[in-house]
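First the structure, in the form of structure tokens, and then the observations on it.
FYI, it's all coordinate maths here, none of it is from the lab. The structure presented is a predicted model; accordingly, all values stated were derived computationally and were not measured. Note that each Cβ is placed from the backbone with ideal geometry, even for glycine, and that neighbours are counted across all protein chains shown.
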Amino acid sequence: MHRTGSRGVTIIEILVALFILALVMAAFLNVFVIGKKFIFHSRSRVVSAELGKHFFEQPGPLDVRQDTWGTNCVSNNNNCVNPAPLTVDSIVYNGKYESSAINTPDGTPTTLRRVVVNVTWNESDF
């Protein structure tokens, strides 16, 4: 016997509504997980940029002066001693110095050197 105009909902309708709600909630959860990974990666990049400045500012292998020319790593073609690793929030950041000659636009060598510090780190799963 089927009644017309009944006001209740069936168990099937409730299950379908719960399934749709679960799909929507899973999509929102995924947005938050991806957002957290993005924020973590962005923070690591900012920290590495600051540490790169720190690696350049610390005294030692990049001590470039006229009286030390020929004995420092910049004038010795990449014989730089890399800076000690630094740990920030349990993430280890490593720096590596690289120097290269700078030529004029027509290719003529100069006595100028370009020094770059590469900062690397491993991002673990949070």
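Peptides 89-99, 12-22, 34-44, ordered by how many other C-beta atoms sit within 10 Å of their residues on average, highest first, read 89-99, 34-44, 12-22. Residue separation of LEU18 and LYS96 scaled by 0.36 nm, minus their Cα-Cα distance, works out to 22.7 nm of gained length.
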